[in-house]
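**Student:** Got a structure for you, questions after.
Just so you know, all these numbers are worked out from the coordinates, no wet-lab data involved. A quick note: this is a predicted structure, and the numbers were derived from the prediction, not measured. All Cβ positions, even for glycine, are placed from backbone atoms using ideal geometry, and neighbour counts span all protein chains on display.
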Number of protein chains: 2
Amino acid sequence: VTDSTSTLTTPALVVDRPTFDRNRAAMDAMLPGRRLRPHVKAFKSTAMASVLRDDGHPAFCAATPREIEGLVAAGLVEDLLLANETLDTERLGALSDRALITVAVDSDTTLDAAVRGGVRSVLIDIDVGLPRCGCDVDVAGRLADRARRAGLEVRGVMGYEGHLMMVHDRSQQRERVEAAMAILKRAHDIVGGDIVSGGGTGTSRVNTWCTEIQAGSYTLMDTQYDELGLPFDKALSVLATVISVNTKGWIVADAGLKAFGMDHGNPSWDHGDVLFCSDEHVTLSPFELADWAVGDRVRLWPAHVDPTVALHERMWVVDGETVIDQWPVDLRNW
Amino acid sequence: VTDSTSTLTTPALVVDRPTFDRNRAAMDAMLPGRRLRPHVKAFKSTAMASVLRDDGHPAFCAATPREIEGLVAAGLVEDLLLANETLDTERLGALSDRALITVAVDSDTTLDAAVRGGVRSVLIDIDVGLPRCGCDVDVAGRLADRARRAGLEVRGVMGYEGHLMMVHDRSQQRERVEAAMAILKRAHDIVGGDIVSGGGTGTSRVNTWCTEIQAGSYTLMDTQYDELGLPFDKALSVLATVISVNTKGWIVADAGLKAFGMDHGNPSWDHGDVLFCSDEHVTLSPFELADWAVGDRVRLWPAHVDPTVALHERMWVVDGETVIDQWPVDLRNW
């Protein structure tokens, strides 16, 4: 593929390759090799995961059994962590001869499901303050013992401090992450194993307590993470075509709320305000209406990378306005 | 397929067939035959569209060229309206020997694109008050003349009063829709043709000025439309599995913001509060925590049907807890 972006059917999900490459380099300087366990839920593409593997990050993190299946199918089998509880464990057990698959457990029921499904190794998932999955520290030892008695390898612990990702003040963030990770460390002292897994793009600079950080959004970024002043830039945009210009002051492009994850709000535009999104439209109020004509292309910045990517079949990899590759979003669905 | 819903991989998009059937009957009583042009953007399934065709609604409405292509591939060719502007007209022209395809135009540029792409008939799209596509009435006649000179059939006008869908007071809604449709009628008097197309589920009871109403959401409904007191009930839900129970007061299920269109906010749950959605989780605060265990299934009601459906590969059609069919969501992507 060596076309111009002007030939792409819109809406088109576009990755700026130079920015993506700078984001990789910045992360590798901070968290080389196994210190980073890239989280594929952010980008849902085995083509992109392969680039990260070749950078020296062979261990991956996933949020769904489907993502694990896709990674295995792509040969990314060295060390896969389902950083999530599931009862759908037979799909994972069926792949255990082809890949090292580890699953998070936080209860007897999820542990029993892992055993029954043929999963061979687990992390004990600890509640470190985000009201989501994870057990209390005083349950962790019992779960680890029970897992070992059932013949599973207990590789360590994980705990996701998701509630601290968007703390803007860096020293305050470091303090609060330290407190959350102290809970995880107590659990690790009880559970044992080599792995203390946690973190994300938002805490990747300050979380020095985990043996590995589960970050994925740093590759592509979004307008929300961009507020944090991380050493990563927005590489992901949605290209749309202007289909209507209204002299009363607005233009309409053909990318709407089916092309953007909307949970963090509207996408952003460098040349004016985003008024609202409809299913397949975005209504824009340009700084200079006269600059815009039907047929022009606009580039919009998603507010949240993960659910935006999940809406698209493929990412077009570009350098400036030249399309240099396409990456299927092959880890979608469940 | 005659399984129980308990065997479905979650998150699963589920359509309650009896409710769907009642919604169809209620709409058919109001808008029989050609009075309704079902809008496929709401449900993105040719299997469901075929049911509506068999009910006597052979004319469909779409929001994207991809939806038109899918309808043609499924043999639903009798009368397809792209109720949207596009410059991607060659894909439509390529199907013009197999289907009657009409496209909305609101500018010289979109009209020229229709001619160039081999599209044979158009509606003139009129701005009736929603800041989106549509031209002013005083432009409509010139566009219609220009279209006819280019050899196109001008079938009439369309105008979407999307800003009035959620007016809760019915008599106020009728008044405001009447005013919007007066604009459309003025345009129709100038443009001519048989079609005056507009409306949606939210105005389907009060818009008596259009020859046809573009409604799709009535089939499945969502929590937002449910507030209006329309004669339709929620037929669409997302089934999820409880993967974690925390004695501090919450449970977690495996359907998150990648399983729900989030632009109208969180989904709803009949048995407690929805605290927040993460990518693949929803954290729920049940009225009775003791009622819930890991492995239980929960049913969540989406806030917005269209973008929710667009996130899923298929809909499972159920009657109670019996799975009776599956409908591929085959009109996704662009």
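**Student:** For chain A, what is the relative contact order in percent, using Cα pairs closer than 8 Å and at least 6 residues apart in sequence?
**Tutor:** Details: 791 pairs, mean separation 72.7, N = 334.
Relative contact order comes out at 22 percent.
**Student:** Take the alpha carbon atoms of region A:71-134, find their center, do the same for region B:24-93, and report the distance between the two centers in whole angstrom.
**Tutor:** Rounded to whole Å, the Cα centres lie 43 Å apart.
**Student:** What is the minimum Cβ-to-axis distance for chain B, in whole Å, where the axis maps B onto A, and to which residue does it belong?
**Tutor:** B:M262, 3
**Student:** Next question, about the same structure. Provide an ascending nm list, one decimal, of label-point separations from B:G192 to the equivalent residue in each further copy; define each label point as 7 Å from Cα along Cα→Cβ.
**Tutor:** Those separations, rounded to one decimal, come out as 8.9 nm.
**Student:** May I pose another question? Mind checking the mean number of beta-carbon atoms from other chains within 10 Å of the Cβ atoms in A:255-266?
**Tutor:** Values: counts 1, 7, 8, 14, 3, 2, 8, 8, 13, 2, 2, 1.
Taking the mean over all residues of the peptide, I get 6.
**Student:** For A:K41, which aspartates and glutamates qualify as cross-link partners when the Cα separation must be under 12 Å and same-chain residues fewer than eight apart are set aside?
**Tutor:** Excluding near neighbours in sequence, the set is A:E67, A:D306, A:D330, B:D279, B:E280.
**Student:** Using every Cα-Cα pair within the protein assembly as shown, state what percent have a distance larger than 50 Å. Before the final figure, lay out the partial values.
**Tutor:** Working: 32685 of 222778 pairs.
Every Cα pair in the protein assembly as shown considered, those over 50 Å come to 15 percent.
**Student:** Once you've got the Cα coordinates, tell me which of A:K44/A:K258; A:K258/B:K185; A:K234/B:K258 are over 26 Å apart.
**Tutor:** Details: A:K44/A:K258 17 Å; A:K258/B:K185 31 Å; A:K234/B:K258 21 Å.
A:K258/B:K185, as the Cα separations exceed 26 Å there.
**Student:** Taking the Cα centre as origin and putting +1 on Lys and Arg beta-carbons and -1 on Asp and Glu beta-carbons, what dipole magnitude results for the protein assembly as shown, to the nearest 20 debye?
**Tutor:** Working: 66 positive and 98 negative charges, 74 e Å.
That gives a dipole near 360 debye.
**Student:** Placing the label point 7 Å from Cα along the Cα-to-Cβ direction, what are the distances from B:M30 to the equivalent spots in the other copies, shortest first, in nm to one decimal?
**Tutor:** Ordered by distance, the counterparts are at 5.2 nm.
**Student:** Need the C-alpha centroid separation for region A:226-303 versus region B:213-286, integer Å.
**Tutor:** 27 Å
**Student:** May I ask you to report, in nm to one decimal and beginning with the shortest, the distances from B:V77 to the same position in the other copies, taking label points 7 Å along Cα-to-Cβ?
**Tutor:** Its label point is 4.7 nm from the equivalent points in the other copies.
**Student:** Counting other C-beta atoms within 10 Å, and keeping those with at most 14, which DSSP coil trypsin sites (Lys or Arg not before Pro) do you find in region B:49-140? Don't skip to the end; give the middle numbers.
**Tutor:** Details: sites: B:R53, B:R66, B:R91, B:R98, B:R116, B:R120, B:R132; in loops: B:R98, B:R120, B:R132.
Taking region B:49-140 and a limit of 14 other Cβ atoms within 10 Å, the loop trypsin sites (Lys or Arg not before Pro) found are B:R98.
**Student:** With 10 angstrom as the radius, rank B:L111, A:L71 by how many other C-beta atoms surround their C-beta, starting from the fewest. Intermediate values should be presented prior to the final figure.
**Tutor:** Details: B:L111 23, A:L71 26.
By the 10 Å Cβ count, ascending, the order reads B:L111, A:L71.
**Student:** What number, rounded to the nearest 500 deg cm²/dmol, is the helix-based mean residue ellipticity at 222 nm of the protein assembly as shown, given -39500 (n - 2.57) per DSSP H run of at least four residues and division by all its residues?
**Tutor:** Working: 18 runs with 180 residues, N = 668.
Here the helix-only value at 222 nm equals -8000 deg cm²/dmol.
**Student:** Where in chain B lies the longest segment free of GluC sites (Glu not before Pro) that are both loop residues by DSSP (not H, G, I, E, B) and have at most 14 other Cβ atoms within 10 Å? Please report the intermediate quantities before stating the final value.
**Tutor:** Details: sites that count: B:E78, B:E227, B:E288, B:E313, B:E321.
Answer - B:79-226.
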